[in-house]
Amino acid sequence: MQTLRVARVRPQAKLPTRKHPEDAGLDLYAAESVTIPPHSPGIVPTGIAVDIPTGYVGLLKPKGRNDHLLGAGVIDAGYQGEILVKIVNPFPHSLVISAGEAIGQLLILPILTPGVQEVTPEELRQKPSERGSSGGIVDQFLRW
């Protein structure tokens, strides 16, 4: 995949950009100003929809310079609606997100979609490994 198809679903939306051509993530921007109350979550519209190809996923990640917390976001290939970004304001004062402000990054990554097979916990531990040889959270939990 070399091209990501993007549609503006709000006329004022800013298309995603990269600051540098080699950057992994595309910067996403607020399509409108939003005020998030103290210690609360808010939803910020981007005004865009993207066409994630089959075999890929879009991941929403925070930008390094932002003080707010970005809710984890997964955009599946089948989703074609507007990208809405959940932002949590951890501060004791209101957080104003301005229209056009960079609010997060979109990474497009290839994925595997394996089937699911139910097994017992013992079957999972039959695979030889050095990891977890000193015990772990699973073993501690099973001893209760």
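Tally time: how many residues in the range 38-61 are on the phi > 0 side of the Ramachandran plot and surrounded by fewer than 17 Cβ atoms within 10 Å (Cβ to Cβ)? Here the count works out to 2. Only residues that are among the charged types (D, E, K, R), in a loop (DSSP other than H, G, I, E, B) and in contact (Cβ under 8 Å) with a residue 12 or more places away in the chain were counted in the range 3-18, giving 2. Within the option set G132, G100, being modelled with pLDDT under 90, on the phi > 0 side of the Ramachandran plot and not in a strand (DSSP E or B) holds for one residue only, G132. Under 20 Å from L59 (Cβ atoms), part of a strand (DSSP E or B) and acidic (D, E): does that describe D27? Criteria met by D27.
The values are calculated or read from the model by the stated rules, or taken from the named source; none is laboratory data. Computed from a predicted model, the values in this text were never measured in an experiment. Note that each Cβ is placed from the backbone with ideal geometry, even for glycine, and that neighbours are counted across all protein chains shown.
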